[in-house]
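Colleague: Shown below is the structure under consideration.
The values are calculated or read from the model by the stated rules, or taken from the named source; none is laboratory data. Quick caveat: nothing in here was measured; it's all calculated off a predicted structure. So basically every Cβ, Gly included, is an ideal-geometry build from the backbone, and we count neighbours across all protein chains shown.
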Amino acid sequence: MRRESTTPRPDWDATIRSQGLVYVDTELPDGGIMSYWDESAAYAFDLDEVLRLEEATEELHRMSVAAAEHVVTRGRYAEFGIPAWAAEAVARSLREAPPTLYGRFDLWYDGSWPPKLLEYNADTPTALVEAAIVQWYWLEHTRPELDQWNSLHERLVAAWARVGAGLHEPRVHVVWSNEEESGEDHMTAGYLAETARQAGLAVELLPIQEIGWDGRRFRDAADQPVTTCFKLYPWEWMLAEPYGPLALDPGTPTTWIEPAWKLLLSNKALLAVLWELYPGHEFLLPAYLDSPRGMTEYVAKPLLGREGGSVRIVTPAEEITNPGSYGDEGWCYQEFRPLPDFAGNRTVLGSWIVAGESAGAGVRESAGLITDGYARFLPHYIDAPRPA
């Protein structure tokens, strides 16, 4: 893995917006605007390197599912901040194995082996449009003879086809929150709806705020029953809503994607359980729930928090805090591993999984040690010819 300077396409801004990256502008604290998409540089991977990273991603997913099974078997819900009233629904969801679509591992990786798991965004991962579509077209425009670690689109369509094969009625509602103002959630949901359509499903795309309860089941604004629903809305938020218990009630005839057991994978307590079950594993960093246990450099991560939430990096000399409030939620303490430095940029590798299989990657850069809302997305390619 290496970073290479590149020449941006003359029409890159209009091009990426036409491809769905309408949330490209990031407002800076001083009122200025920076671009989230950055093609002034790109990351190059070797083919053998990608194959090894794919294997690592799938192994991490298998380990994570095993950790979820362990939590359910031992009834360790309280350590995840999951209320007692939701525990049986989470267990039932894992036991019945309803459809699951996708997730994204955030990995520490500097081009040497092994990668290290930073967190698993398994419920509502974003950065999907740029990873699946925008960077692929960048490759087509700039390096059509080369390949990319990117089978996201094809795998999503295939995953939806498997979902559809198990439905009595091939219809799915895809929802997001209209309270998210950047447009990222809307475009992510829209893209997922399009992959479902390409798989042959009838799709209704609407904000989650337009779904109501009629006393027996959930219905949309047109009074259609919501039988299968993909929600770009975290379970941790749903459980806090008045309709949370209804969504988990076994008598409610709605299949949710992602299923409720993904609460266990999207929770930072997973990091500690993984370290407990697989101590010393080459892909893991030490992590604990009760305290830092003597670690002099560690990251304190709130158990709940979409895309990482507020984190604190603690070193012997300093404490760095990203903007955010700190409540009474539980914390996971993970060993601090500074993000790799590529030409003065701190890089995190997002490795995607679809239906349990590795599906692609996205690279984000930040100026600081935390990948926050001011990160930039850079395209990548595999330094090998594209298969015929």
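Colleague: So in the range 90-115, with the set limited to residues that are surrounded by fewer than 22 Cβ atoms within 10 Å (Cβ to Cβ) and small (Gly, Ala, Ser), which one is modelled with the lowest pLDDT?
Modeller: Residue satisfying both the conditions and the ranking: Ala97.
Colleague: Further, regarding this structure: For the structure I just gave you, tell me whether Trp85 is over 22 Å from Met238 (Cα atoms), hydrophobic (A, V, I, L, M, F, W, C) and surrounded by fewer than 22 Cβ atoms within 10 Å (Cβ to Cβ).
Modeller: So Trp85 fails the test.
Colleague: Moving on. Wholly within the range 110-228, which helices (runs of 4 or more DSSP H) include no fewer than the required count, namely at least 1 residues that are of a type in the set (Val, Ile, Thr) and under 30 Å from Ala269 (Cβ atoms)?
Modeller: It comes to 152-165, 184-198.
Colleague: Would you tally the residues in the range 21-79 being out of contact with any strand residue (DSSP E or B) (no Cβ under 8 Å at 6 or more places or on another chain) and of a type outside the set (A, V, I, L, M)?
Modeller: Qualifying residue count for the region: 18.
Condition check ((1) assigned to a helix (DSSP H, G or I); (2) of a type outside the set (S, T, N, Q)) across all residues:
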| position | (1), (2) |
| --- | --- |
| Thr252 | no, no |
| Trp256 | no, yes |
| Pro259 | no, yes |
| Asn267 | no, no |
| Ala272 | yes, yes |
| Pro279 | no, yes |
| Leu284 | no, yes |
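Colleague: With respect to Leu289, determine if the residue is over 22 Å from Asp372 (Cα atoms) and either modelled with pLDDT of 70 or more or touching a strand residue (DSSP E or B) at 6+ places or on another chain (Cβ under 8 Å) (or both). First the steps, then the outcome.
Modeller: On the way: over 22 Å from Asp372 (Cα atoms): yes; either modelled with pLDDT of 70 or more or touching a strand residue (DSSP E or B) at 6+ places or on another chain (Cβ under 8 Å) (or both): yes.
Yes, satisfied.
Colleague: Further, regarding this structure: Inspect the range 277-298 for any residue being under 16 Å from the mean Cα position of the chain (by Cα) and under 15 Å from Tyr333 (Cα atoms) and give the result as yes or no.
Modeller: Checked against the condition, which is being under 16 Å from the mean Cα position of the chain (by Cα) and under 15 Å from Tyr333 (Cα atoms), the range 277-298 yields no hits at all.
Colleague: Moving on. With touching a helix residue (DSSP H, G or I) at 6+ places or on another chain (Cβ under 8 Å) and either among the aromatic types (Phe, Trp, Tyr) or modelled with pLDDT of 90 or more (or both) as the only criterion, which of Ala359, Ala343, Ala300 stands out?
Modeller: Going through Ala359, Ala343, Ala300 in turn, just one is touching a helix residue (DSSP H, G or I) at 6+ places or on another chain (Cβ under 8 Å) and either among the aromatic types (Phe, Trp, Tyr) or modelled with pLDDT of 90 or more (or both): Ala359.
Colleague: Please specify each residue of the range 251-269 satisfying the condition of being of a type outside the set (S, T, N, Q), buried (at least 24 other Cβ atoms within 10 Å of the Cβ) and within 25 Å of Leu156 (Cα to Cα).
Modeller: Glu258, Trp261, Lys262, Leu263, Leu264
Colleague: So in the range 234-250, with the set limited to residues that are surrounded by fewer than 18 Cβ atoms within 10 Å (Cβ to Cβ) and aromatic (Phe, Trp, Tyr), which one is nearest to Thr100 (Cα to Cα)? Reasoning before the result, please.
Modeller: Taking the range 234-250 and keeping what is surrounded by fewer than 18 Cβ atoms within 10 Å (Cβ to Cβ), we get 237, 240-243, 245-246, 249-250.
Applying the additional criterion that residues be aromatic (Phe, Trp, Tyr) yields 237, 243.
Numbers: Trp237: 19, Tyr243: 22 Å.
So, considering only residues that are surrounded by fewer than 18 Cβ atoms within 10 Å (Cβ to Cβ) and aromatic (Phe, Trp, Tyr), the one nearest to Thr100 (Cα to Cα) is Trp237.
Colleague: Name the one entry in Ala247, Ala240, Ala222 that is among the aliphatic types (A, V, I, L, M) and in contact with a helix residue (DSSP H, G or I) (Cβ under 8 Å, 6 or more places away or on another chain).
Modeller: Working: Ala240 fails: in contact with a helix residue (DSSP H, G or I) (Cβ under 8 Å, 6 or more places away or on another chain); Ala222 fails: in contact with a helix residue (DSSP H, G or I) (Cβ under 8 Å, 6 or more places away or on another chain).
That would be Ala247, the only listed residue that is among the aliphatic types (A, V, I, L, M) and in contact with a helix residue (DSSP H, G or I) (Cβ under 8 Å, 6 or more places away or on another chain).
Colleague: For the structure I just gave you, tell me whether Ala56 is in contact with a His (Cβ under 9 Å, 6 or more places away or on another chain) and in contact (Cβ under 8 Å) with a residue 24 or more places away in the chain.
Modeller: When the stated conditions are applied, Ala56 does not pass them.
Colleague: Moving on. Give me the pairs: first residue in the range 116-140 and modelled with pLDDT under 95, second residue part of a helix (DSSP H, G or I) and among the β-branched types (Val, Ile, Thr), beta-carbon distance under 8 Å, and six or more apart or on different chains, which are they?
Modeller: Note: pairs meeting the criteria are Thr126/Thr188.
Colleague: Going by the structure shown, is Ala202 more than 30 Å from Ser18 (Cα to Cα), small (Gly, Ala, Ser) and surrounded by fewer than 16 Cβ atoms within 10 Å (Cβ to Cβ)?
Modeller: No.
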